[in-house]
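Comments concern the structure below.
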Amino acid sequence: MVKVLDINDNDPVFEFPIPHNHSVTISASLPIGHHVTRVVARDRDAGHNGRVIYTLPATGDNVDRKFDIQRQHGVIYLNFRFDHVTYAEYRLTVVAKDEGLKPRPATSQLVVVVNHSIPFPLPAGSRDPEVVRYNAVIVMVGVLTLAALVGVAILVMVSFTRCRDSTGDIRAVSPLSAVITSHAAPRQLSDITPCSSTVRFTLRH
């Protein structure tokens, strides 16, 4: 029996962050422990050679470890309260490496923008590929819902316009009666059929 072993010959490759997609913006009011975003890297090797773990070195803007990362899942979270920060950018070096006998590392740069003008205590944005796809679905549903509401409003306005009498203005409309005012004598509608352009009325002198 011949057993073929995988050779650890591939470096992890980042899907996020990457040079043209490398920043997230968060509110300054986020609590300690809150998730900022998730970094993603893939390794084409098999087994342990293709299993990726993440680290966030205490260097550069993260020398005091304001940010930390979950090694297995790549979720970056806060170790610091930014309440006093009005606006700041933190450039973090993210390291991904496989679990082979001789690990192969890869690095990428992530920029975290902290903005005090964002009032809600949630991340203002994320470039995590899965979050982007989820947000796109939410936006599409919102657009379709808004379009449906606008369509209903237009239908209501058209229906109301068709119910207006050519000789006066309707002051009140109900399924049973309506009062029309004009330069002529007041007329009481004895019957009005909803969703119909035919109105029967009786003149009272």
message = Charges on Cβ only, +1 for Lys and Arg, -1 for Asp and Glu, centred on the Cα centroid of the stretch 13-127; of Pro19, Ala88, Asn62, which one is farthest towards the dipole's positive end?
response = Pro19
message = What's the magnitude of the charge dipole for the stretch 13-127 around its Cα centre, counting Lys and Arg as +1 and Asp and Glu as -1 at the beta-carbon? Answer in Debye, nearest 20.
response = 240
request  = Would you please state the base-10 log of I(q)/I(0) at q = 0.16, 0.19 1/Å for the stretch 13-127, with intensities from the Debye formula using one equal scatterer on every alpha carbon?
outcome  = -0.70, -0.94
ask   = Arranged from highest to lowest average of other beta-carbon atoms within 10 Å per residue, in what order do the peptides 55-65, 39-49 appear?
value = 39-49, 55-65
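Bear in mind these aren't lab numbers, they're just calculated from the coordinates by the rules spelled out. Owing to the predicted nature of the structure, the values given are computational and were not obtained by experimental measurement. We place every Cβ from the backbone using ideal geometry, glycine too, and count neighbours over all the protein chains shown.
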